[in-house]
């Protein structure tokens with residue numbers, strides 16, 4: 001499913017109205033019916049509702065919703081903000097409402113106490129806001145939030161931007177958001193997502209062709225958009241599904257490589273070999289007999305002593321996963337620099353592999369690499385503060401992927417995949433069960449496994465992120481969000497994989 005920015009939603013509206021000749025008043029009426037139907041699912045018609053309407057089209061939706069609710073038997077009051085400035089369809093719906101048994105507050109809206117209502121409908125701004133609210137409107141939003149009443153927002157909670165997940169200032173903290181046609185960026189990305197409540201996307205007869213006209217490049221990663229896992233032929237063999245090499249481990253950090261290798265094996269890699277310091281090879285064999293280990297010379301951390309042998313060994317391998325538990329010693333950095341510069345394999349780089357990367361290595365990563373940092377690692381990589389990154393996370397990720405021709409997987413509660421062609425895929429069904437050490441190592445093994453099995457780098461990222469997140473949800477349901485370990489992720493990957501087969 002596409003995710004639209006404000007300007008794209010406006011363009012889709014305009015295309016539907018001007019090119020396909022769907023009357024705008026029809027779209028507004030369809031929106032009002034959709035909102036009223038959703039509210040009727042939750043609230044009995046004996047309840048009192050206040051609809052707070054701005055002066056734009058979002059306010060027009062609110063006036064139409066108020067009429068729909070009156071027709072369903074609800075007691076409805078309306079706050080009409082700047083009604084003298086109404087135009088077009090919004091003005092039409094306001095003038096209809098004047099003829100109905102509805103109490104309308106105008107200049108005296110700040111005297112209104114919302115405690116007498118059972119629910120409040122927010123139709124103040126919609127998608128057009130690009131600056132923080134101030135003055136009387138800010139005071140009004142604060143009163144609505146403090147009323148402790150159930151709040152429904154039409155399209156986007158007022159005060160949020162339709163083109164960013166950043167918190168601009170004061171905004172409605174809603175119980176449920178009813179939006180139209182497609183989700184918008186604040187609906188799917190934190191921190192704005194945390195103010196949207198449950199998000200319901202309603203069809204109001206804007207055709208798919210109008211959405212396609214806007215050339216969307218942001219997509220929600222869900223079961224509808226994730227690639228399927230191909231069935232295996234009965235006469236296939238281990239060589240049919242690639243050979244993944246996991247370059248991982250250092251003294252005190254061997255578990256990360258074990259988790260990556262286990263995830264790789266459990267998600268279908270035909271062969272998996274671990275390159276790890278020789279002091280830890282027995283530990284790998286003991287925990288994971290299905291994995292092979294490369295016979296290294298380095299004892300506690302990887303060094304240039306093993307470089308030539310590892311390059312020779314990996315020359316014909318499908319994918320190299322670099323980073324879990326490697327450590328950041330200077331000797332290891334030199335080893336990894338040479339692996340990156342002297343190999344041509346597909347690469348998945350995570351954890352300490354990312355921490356070791358220097359800007360002058362980027363040219364060697366182009367068109368073959370997945371980087372899977374969490375927010376802290378990505379900030380160190382690009383020299384941003386966390387605050388600056390959060391303000392414009394999506395565009396920063398896109399710019400990085402395009403400039404360096406890599407696939408970037410920025411891990412967070414809403415994981416972002418960005419590709420060299422400027423597309424982004426957002427997975428926002430993550431679980432707090434993933435908030436433990438080792439979870440990222442599992443994702444590394446997953447993505448590397450699907451690359452080795454022959455999926456494109458982009459598709460492997462989508463499949464890996466989806467399975468990883470869905471498995472987190474599954475084990476949270478099975479146990480809780482505190483108990484599961486990263487090894488539980490590895491043991492339960494089959495559940496989400498079955499969805500995609």
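Values in this text are rule-based calculations from the coordinates and carry no lab data. The model shown is predicted, which means the values in this text are computed figures rather than measured ones. Cβ placement follows ideal geometry from the backbone for every residue including glycine, while neighbour counts extend to all protein chains displayed.
What is the Cα radius of gyration of the range 291-406 over 2.2 N^0.38 Å, N being its residue count?
Rg over 2.2 N^0.38 Å, computed on Cα atoms: 1.11.
Seen against the Cα atoms of the chain and their longest principal axis, helix 24-42 is set at about 80 degrees. How many percent of DSSP beta bridges within the chain run antiparallel, rounded to 5? The antiparallel fraction comes to roughly 15 percent. Share of antiparallel DSSP beta bridges in the range 335-444, in percent to the nearest 5? Antiparallel: roughly 55 percent of the beta bridges in the range 335-444. Each residue of the range 227-330 gets 109 Å³ once the volume of the Cα convex hull is shared out per residue. Of the beta bridges in the range 239-500, as assigned by DSSP with both residues counted there, near 25 percent are antiparallel. Computed packing ranks the peptides 485-495, 103-113 as 485-495, 103-113, most packed first, by mean other Cβ atoms within 10 Å. Computed packing ranks the peptides 275-286, 456-467, 416-427, 59-70 as 59-70, 456-467, 416-427, 275-286, most packed first, by mean other Cβ atoms within 10 Å. A Förster distance of 30 Å, applied to the separation of the beta-carbon atoms of residue 116 and residue 388, puts the FRET efficiency at 0.10.
If you build the convex hull over the alpha carbons only and average its shadow over all orientations, what do you get for the range 239-500? Give it in nm² to one decimal.
Averaged projected hull area, Cα only: 12.7 nm².
Angle of helix 254-266 to the longest C-alpha principal axis of the chain, folded into 0 to 90 degrees and rounded to 10: 80°. The stretch between residue 18 and residue 209, if pulled fully straight at 0.36 nm per residue, gains 67.4 nm over its current Cα-Cα span. With a Förster radius of 35 Å applied to the C-beta separation of residue 105 and residue 194, the computed FRET efficiency comes to 0.75.
Just rank 37, 360, fewest to most, by other beta-carbon atoms within 10 angstrom.
Fewest-to-most Cβ neighbours within 10 Å comes out as 360, 37.
By the Stokes-Einstein formula, at 0.692 mPa s and 37 °C, the range 185-273 with its Kirkwood radius over alpha-carbon pairs has D equal to 182 µm²/s.
Using the Cβ-Cβ distance between residue 42 and residue 423 with R0 set to 35 Å, the FRET efficiency works out to roughly 0.45. The eigenvalues of the Cα gyration tensor, multiplied by 5 and square-rooted, give the range 6-220 an equivalent ellipsoid with semi-axes of 25, 20, 16 Å from largest to smallest. Among 370-378, 304-312, 225-233, sorting by the average number of other beta carbon atoms lying within 10 angstrom of each residue, highest first, gives 370-378, 304-312, 225-233. Among rounded, prolate and oblate, which fits the range 350-488 when a ≥ b ≥ c are the square roots of the eigenvalues of its C-alpha gyration tensor, a/c under 1.5 means rounded, and a/b larger than b/c means prolate? The shape class here is prolate.
Each stretch of four or more DSSP H residues adds -39500 (n - 2.57); spread over every residue of the chain, this sum gives -11500 deg cm²/dmol at 222 nm. The calculated pair-distance distribution of the chain uses every alpha carbon pair, bins of 10 angstrom beginning at 0, and gives 4, 19, 25, 20, 14, 11, 6, 2, 0 percent. Helix 393-404 versus the longest principal axis of the chain: what angle, 0 to 90°, nearest 10, using Cα atoms? Around 40 degrees separate the two axes.
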